[in-house]
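Student: Here it is: the structure, laid out below.
Each reported figure results from applying straightforward, stated rules to the coordinates on display, with no laboratory input. Worth saying up front: this structure is predicted, and the values here are computed from it rather than measured. Every residue, glycine among them, receives a Cβ derived from its backbone with ideal geometry; neighbour counts consider all protein chains shown.
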Amino acid sequence: MYRPQTTHAISATGLRKTFGDRTVLDDVDLHVPTGSVFALLGANGAGKTTTVRILSTLLPFDAGQVEVAGHHLPSQARAVRADISVTGQYASVDTLLTGRENLTLIGDLHHLGRRESRRRADELLEQFYLTDAANQRADTYSGGMRRRLDLAMSLVARPRVLFLDEPTTGLDPRSRRDMWAMVRELVRDGTTILLTTQYLDEADELADRIAVLDAGRIVAEGTADELKQLVPGGHVEIAVHDPAQLARASAALSDAVVDLDASTLQIPTDGSIRSLKALLDRIDDPTLSVDRFTLHTPDLDDVFFALTGGARKEEVR
């Protein structure tokens with residue numbers, strides 16, 4: 001089957017969706033480079049799941065131009081479905097079947113043939129560390145094992161684009177990190193991933209680019225580092241040895257906030273090499289002894305709360 005090549009695995013321009021008199025997506029532009037992880041951040045009700053449902057052909061949209069895996073929506077929805085897979089917030093495995101049976105069932109639904117379905121099931125069981133539990137019913141699996149099986153089921157047909165809608169909801173920290181490792185491996189193998197999440201550390205850890213969605217609009221987009229530069233709060237903390245040194249440093253750094261009890265000074269900075277070099281030049285004094293020099297930059301928590309409007313109603317699904 002011929003599959004057109006494109007620099008963007010997902011492209012949406014002017015995407016709009018309403019439910020009655022409520023606008024859920026309002027002129028959203030979204031462009032996901034091929035072979036990357038793109039994270040969509042937003043509070044409940046921001047429009048994340050609605051976006052995934054539209055891009056995965058599960059929901060019609062009211063306006064805009066959408067292309068997924070080189071195919072246009074809605075006219076080529078069948079071709080899109082052949083090239084994508086979706087893993088939702090909760091594992092959709094059949095708990096009455098074994099892990100192997102769940103995987104071979106998906107292979108049969110994709111018309112892979114009995115031999116290829118079994119071969120692909122064995123391959124994925126090994127890849128997702130489920131071989132030892134392959135012949136156990138899924139209702140005996142832990143939450144982390146079910147999520148791994150759910151993700152494996154999404155990959156039976158080798159999709160070009162994978163939608164992960166809050167894939168680590170409810171997982172313990174170890175299982176979340178296992179899932180992260182698997183996502184990285186998928187991207188190394190060429191899969192494009194659109195990830196929706198409310199876990200900011202997850203987006204920071206995995207995403208090549210991040211878009212912040214608030215009340216149906218993209219309010220910011222960029223790499224994690226680029227987004228962190230959008231909010232104030234970056235500073236350098238300097239710790240000195242004694243009050244005399246603190247006074248000397250304070251005199252050299254008139255814009256510093258002094259903490260007498262901790263013998264520290266905080267100086268605002270954007271974290272750039274130029275600003276840090278200028279700061280070091282200001283304290284380049286042989287009589288000044290600095291015990292510790294620490295750079296503090298805003299994290300994605302700061303970005304999220306600065307750019308979004310707080311709690312929203314539950315998203316219409």
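Student: Can you give me the angle between helix 273-282 and the longest principal axis of the chain, using Cα atoms only, in degrees from 0 to 90, rounded to the nearest 10?
Tutor: That helix lies at roughly 20 degrees to the long axis.
Student: Where is the GNM fluctuation largest for the chain (alpha-carbon springs, 10 angstrom cutoff): Val183, Val290, Val231?
Tutor: Val290
Student: If you don't mind, another one. What angle, in degrees between 0 and 90 and rounded to the nearest 10, separates the Cα long axis of helix 143-154 from the longest principal axis of the Cα atoms of the chain?
Tutor: That works out to roughly 60 degrees.
Student: I would also like to ask the following. How many percent of DSSP beta bridges within the chain run antiparallel, rounded to 5?
Tutor: In the chain, approximately 65 percent of DSSP beta bridges are antiparallel ones.
Student: Moving to a separate point now. Spin-label point model (7 Å from Cα, Cβ direction): what's the Asp122 to Asp270 distance in nm?
Tutor: Between Asp122 and Asp270, the simple spin-label model gives 5.8 nm.
Student: Here's another thing I want to ask about it. Provide the gained length on full extension for the span Asp29 to Tyr129, in nm with one decimal, where the gain is 0.36 nm per separating residue minus the Cα-Cα distance. List each step's numbers first, then the result.
Tutor: Details: separation 100, 0.36 × 100 = 36.00 nm, distance 3.77 nm.
Gain in length upon complete extension: 32.2 nm.
Student: Multiply the residue gap between Leu59 and Lys277 by 0.36 nm, knock off their C-alpha separation, and tell me the result in nm, one decimal place. Walk me through the numbers before you get to the answer.
Tutor: Details: separation 218, 0.36 × 218 = 78.48 nm, distance 5.23 nm.
Full-extension gain reported as 73.3 nm.
Student: Any idea what the dipole of the range 1-158 comes to, in debye rounded to 20, about its Cα centre with Lys/Arg Cβ at +1 and Asp/Glu Cβ at -1?
Tutor: Roughly 280 debye for the range 1-158.
Student: Also, I was wondering about something else. Using the charge dipole of the chain (Lys, Arg: +1 at Cβ; Asp, Glu: -1 at Cβ; taken about the Cα centre), state which of Ile283, Gln76, Met179 has its Cα farthest towards the positive end.
Tutor: Farthest towards the positive end: Gln76.
Student: How much net charge surrounds Ser263 when only the other residues with a Cβ under 13 Å from the Cβ of Ser263 are counted, with Lys and Arg +1 and Asp and Glu -1? Can you show the working numbers first?
Tutor: On the way: positive: Arg248, Arg292; negative: Glu237, Asp242, Asp259, Asp261, Asp291.
Residues near Ser263 contribute -3 overall.
Student: Can I ask one more? Tally the DSSP beta bridges in the range 162-300 and give the antiparallel ones as a percent, rounded to 5.
Tutor: In the range 162-300, DSSP labels about 85 percent of beta bridges as antiparallel.
Student: Let me ask another. Can you sort Leu59, Leu164 by how many other beta carbons sit within 10 Å, fewest first? Don't skip to the answer; put the middle values down first.
Tutor: Numbers: Leu59 16, Leu164 26.
Taking fewest neighbouring Cβ atoms as first place, the list is Leu59, Leu164.
Student: Rounding to the nearest 20 debye, state how big the charge dipole of the chain is about its Cα centre with +1 on each Lys and Arg Cβ and -1 on each Asp and Glu Cβ.
Tutor: On the way: 36 positive and 47 negative charges, 331 e Å.
For the chain, the charge dipole is close to 1600 debye.
Student: In the range 50-154, which trypsin sites (Lys or Arg not before Pro) are in a loop and have at most 11 other Cβ atoms within 10 Å, using DSSP for the loop call?
Tutor: Loop-located and lightly packed - none at all.
Student: Going by C-beta contacts inside 10 Å, put His241, His8 in order with the fewest on the left.
Tutor: Numbers: His241 12, His8 18.
Ranking His241, His8 by Cβ neighbours within 10 Å, fewest first, gives His241, His8.
Student: How large is the dipole of the range 235-297 about the Cα centre if only Lys and Arg carry +1 and Asp and Glu carry -1, each at its Cβ, rounded to the nearest 20 debye?
Tutor: The calculation lands at about 180 debye.
Student: Sticking with this one: Determine the calculated [θ] at 222 nm for the chain from helices alone, applying -39500 (n - 2.57) to every DSSP H run no shorter than 4 residues and normalising by the residue count; nearest 500 deg cm²/dmol.
Tutor: -10000 deg cm²/dmol
Student: Also, quick follow-up: Taking the Cβ of Ser154 as the centre, find all other residues whose Cβ is under 15 Å away and add up their charges (Lys, Arg: +1; Asp, Glu: -1). Each step should come with its number before you reach the end.
Tutor: Numbers: positive: Arg81, Arg120, Arg146, Arg147, Arg148, Arg158, Arg160; negative: Asp83, Asp94, Glu123, Asp150, Asp165, Glu166, Glu185, Asp189.
Once all neighbours under 15 Å are counted, the net charge is -1.
Student: Quick one: among Phe293, Phe304, Phe61, which has the greatest mean-square fluctuation in a GNM of the chain with alpha-carbon springs under 10 angstrom?
Tutor: Phe293
Student: Among DSSP beta bridges whose residues both lie in the range 93-243, state the antiparallel percentage, nearest 5. Don't jump to the answer; show the numbers that get you there.
Tutor: Working: 6 of 11 bridges.
The answer is about 55 percent antiparallel.
Student: Additional query: Would you calculate the separation in nanometres between label points at Arg158 and Asp225, each defined as 7 Å from the Cα along the Cα-to-beta-carbon direction?
Tutor: 3.5
Student: Work out the count of Lys pairs in the chain where the Cα-Cα distance is under 23 Å, with the pair 8 or more places apart or on different chains. All intermediate terms of the calculation are to be shown ahead of the outcome.
Tutor: Numbers: Lys17/Lys48; Lys17/Lys313; Lys48/Lys228; Lys48/Lys313; Lys228/Lys277.
Number of lysine pairs found: 5.
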